[in-house]
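The structure under discussion appears below in the form of structure tokens.
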Amino acid sequence: MDTIKGFFRSLKALFGRYSKGFHFNGGKEINACLQAWLQHKGIEFSTSSPYIHEQNGLIERFIRVILDRLRATMLAVGLPLYL
């Protein structure tokens, strides 16, 4: 919870305002206290429907691209993949 608050504070420091919205996959990490904090800051909070993975498609593809690039970089420099 403190990590997410810190992230939003860093966005505020960097851009001078908070984000307009926060979309989450519906996991158990977000509690009522954090939702109240987001509402107090004027940040719209929304979640994905459970078991509908298509709603998280963009971020899933983004994570895959990052991991693929990381794996290629590790192979290029000769590091073992188990690191």
* To do: Subtracting the Cα-Cα distance from 0.36 nm times the residue separation, let me have the gained length for L83 to E54 in nm, one decimal.
  => 7.4 nm
* Structure fact -> Residues other than G42 with Cβ under 10 Å of its Cβ, Lys/Arg counted +1 and Asp/Glu -1, net out at +2
* Structure fact -> Within the under-14-Å Cβ sphere about I4, not counting I4, Lys/Arg +1 and Asp/Glu -1 give a net charge of +3
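Rule-based calculations on the coordinates, nothing more; no lab input. Everything numeric in this text was worked out from a predicted model, so none of it was measured. In this analysis, Cβ positions are derived from the backbone assuming ideal geometry, glycine residues included, and neighbour counts consider all displayed protein chains.
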